[in-house]
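Note sheet for the following structure.
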């Protein structure tokens, strides 16, 4: 069994993180309330993410990307999430696609798609979920059948991250040999045989979340990830890539906690209650101390998970799941604690805490609902104990 290495110390100065922090402070925070209200991620903002190299950061330099590791990106993803988790979420599908292509793609598939993703000329979408299938992959019914020059697709997909404007979709489908990962160019999307609907959401706004209906759609140039050897390997491939996504979600949650704690500290140091600042009261100190302690723990777990994902250790899946669970549950708690200190302010439309109230629960759902991940962790522990008995 390969044991996860200790996480590398985060550098004191990282040019990418510094640039992201400046972008968040100067561009995102002043206007994010309007973007959230209008459910839009402006083109100019996406273009700046591309200029920073964030969507293609995991693509190797020889393919035109940033050549970064997941561990190196944790500080930048977290900093970006302090501005808006929708930005960190919008770049995530390209990271998942990059991970899949590097681990399982043929030389031709890598040569075709990695330069597109690395340069930012196009981004990817990632799709597992269907109306009747989420954590239970046995219910996947969307099919892909080989046709001359591509694949014929039938079925429905839901919650396709990045699925409205992406250049390519990596999608779990049922083939003759089981579940496979289809690499589908998006030529022909939004047509009678490939219908697209954008899902309206309560929170996590501005991010494309699409629903697809395929009705005998012949996707020209579509193929199975890994070629013939990849047929029937889709569940293993796509679930294996989710470690990257779960670290990304953990970073979104850490960013929410950072902002909630900042609001709590602002209230504690500027608001007067009972003849003293709120922060002079022990109940406020206890709540802030609770958040600080749990934030340090969640941060350490996320860094450890990122190091394990990069190293490909046996613990990577469990650590990534645990980091996502712990950080996301803390995000919901942190917003609640900050809202109690801020009182009625937190319920005002347009207030940052009101937005965080809607965004934080998304981190408990994205890349696998927390309860499903807890069940998997618990089941593995019970089965392991039974084997040892």
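For the reader, a short list of remarks on this structure follows.
- Criterion: under 30 Å from residue 326 (Cα atoms), modelled with pLDDT of 95 or more and crowded, with 17+ Cβ neighbours inside 10 Å - qualifying residue of 263, 247: 247
- Among (1) in contact with a helix residue (DSSP H, G or I) (Cβ under 8 Å, 6 or more places away or on another chain); (2) touching a residue at least 40 places away in the same chain (Cβ under 8 Å), the one test that residue 159 misses: (1)
- Residues located in segment 267-282, provided they are surrounded by fewer than 15 Cβ atoms within 10 Å (Cβ to Cβ) and assigned to a helix (DSSP H, G or I): 269, 270, 280, 282
- Residue 299 within 24 Å of residue 352 (Cβ to Cβ), in the same structural domain as residue 251 (by TED's automatic domain parsing) and at pLDDT below 90: no
- Residues in segment 323-341 that are buried (at least 24 other Cβ atoms within 10 Å of the Cβ) and more than 25 Å from the chain's Cα centre (by Cα): 341 only.
- Taking the numbered list (1) under 15 Å from residue 249 (Cα atoms); (2) at pLDDT below 95 in turn, residue 362 passes all entries but (2).
- Taken as a whole, the condition of being touching a residue at least 60 places away in the same chain (Cβ under 8 Å), part of a loop (DSSP other than H, G, I, E, B) and not assigned by TED's automatic domain parsing to the domain that holds residue 86 applies to residue 314.
- Some residue of segment 98-108 being part of a loop (DSSP other than H, G, I, E, B), buried (at least 22 other Cβ atoms within 10 Å of the Cβ), out of contact with any helix residue (DSSP H, G or I) (no Cβ under 7 Å at 6 or more places or on another chain) and touching a residue at least 12 places away in the same chain (Cβ under 8 Å): yes
- Checking every residue in segment 219-232 against the condition of being within 30 Å of residue 83 (Cα to Cα) and buried (at least 17 other Cβ atoms within 10 Å of the Cβ) gives zero matches.
- Of the criteria (1) assigned by TED's automatic domain parsing to the domain that holds residue 27; (2) assigned to a helix (DSSP H, G or I); (3) out of contact with any strand residue (DSSP E or B) (no Cβ under 6 Å at 6 or more places or on another chain), which one residue 56 fails: (2)
- Answer from 348, 292, 355 - the residue that is at pLDDT below 95 and farther than 21 Å from residue 374 by Cα: 348
- Scanning segment 112-136 for residues that are surrounded by fewer than 17 Cβ atoms within 10 Å (Cβ to Cβ), over 18 Å from the mean Cα position of the chain (by Cα) and farther than 18 Å from residue 162 by Cα gives 132, 136.
The values are calculated or read from the model by the stated rules, or taken from the named source; none is laboratory data. Keep in mind that this is a model prediction, so the values were computed, not measured. Glycine gets a Cβ as well: all are built from the backbone with ideal geometry, and neighbour counts include every protein chain shown.
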